[in-house]
1. Measure nothing but the geometry: give the 0 to 90° angle between the long axis through the Cα atoms of 76-86 and the longest principal axis through the Cα atoms of the chain, rounded to 10°.
2. Give, in nm to one decimal, the length gained when the segment between ASN10 and ALA32 is fully stretched (0.36 nm per residue of separation minus the Cα-Cα distance).
3. From the helices alone, meaning DSSP H stretches of at least four residues, give me the mean residue ellipticity at 222 nm for the chain, per-run term -39500 (n - 2.57), in deg cm²/dmol to the nearest 500.
4. Determine the per residue accessible area of the chain with all protein chains present and a 1.4 angstrom probe, expressed in square angstrom.
5. To one decimal place, what orientation-averaged projected area in nm² is obtained for the convex hull of the Cα set of the stretch 11-53?
6. Measure off, as a whole percent, the carbon and sulfur share of the 1.4 Å-probe accessible area of the chain, all protein chains present.
7. Just going by the charge dipole of the chain, with Lys and Arg at +1 and Asp and Glu at -1 on Cβ, which of THR62, THR22, ILE79 is farthest out on the positive end?
8. Check GLY74: other-chain or 5+ apart residues with amide H under 5 Å from its amide H, H built from backbone geometry?
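The values are calculated or read from the model by the stated rules, or taken from the named source; none is laboratory data. All values reported here derive from a predicted model rather than from experimental measurement. Ideal geometry is used to build each Cβ from the backbone, glycine not excepted, and the neighbour counts take in all protein chains shown. For the accessible areas, the whole protein counts, side chains as well, though only heavy atoms, and no ligand, DNA or RNA atoms are used. Shrake-Rupley method; radii C 1.70, N 1.55, O 1.52, S 1.80 Å.
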Amino acid sequence: MVSVLARSRNSERLVNARRFATDHLVTGIAIASTIVVLTPLIAILGYLIYKGASSLNWAFFTHVPAPVGEPGGGMANAIVGSGVVLG
């Protein structure tokens, strides 16, 4: 009877060790996958902010869009439309 109990405890320890190792392995894979996916997204966002920040000024937010082919224009219609939809 004692040997069966000892084997049971030993088996339980092995199962717990395997669960512990599997848990840490899968957690590591999930963290690595998250880093692999977020790195290019953050790089693209940083590039867009770097290149596009110079275009942001007061006129961009207050003027209406310019016709196709003309320089300038703004986002006033889109901002007002978003406000109307939210309201």
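1. So the helix axis and the longest Cα principal axis differ by about 50 degrees.
2. Values: separation 22, 0.36 × 22 = 7.92 nm, distance 3.30 nm.
Additional length available on full extension: 4.6 nm.
3. Working: 3 runs with 67 residues, N = 87.
Theoretical 222 nm ellipticity from helices: -27000 deg cm²/dmol.
4. On the way: 7730 Å² over 87 residues.
Solvent-accessible surface per residue comes out at 89 Å².
5. Working: hull surface 11.6 nm².
Projected area, direction-averaged: 2.9 nm².
6. On the way: 5490 of 7730 Å².
The nonpolar share, carbon plus sulfur, comes to 71 percent.
7. Among THR62, THR22, ILE79, the one farthest towards the positive end of the dipole of the chain is THR22.
8. VAL64, ALA66
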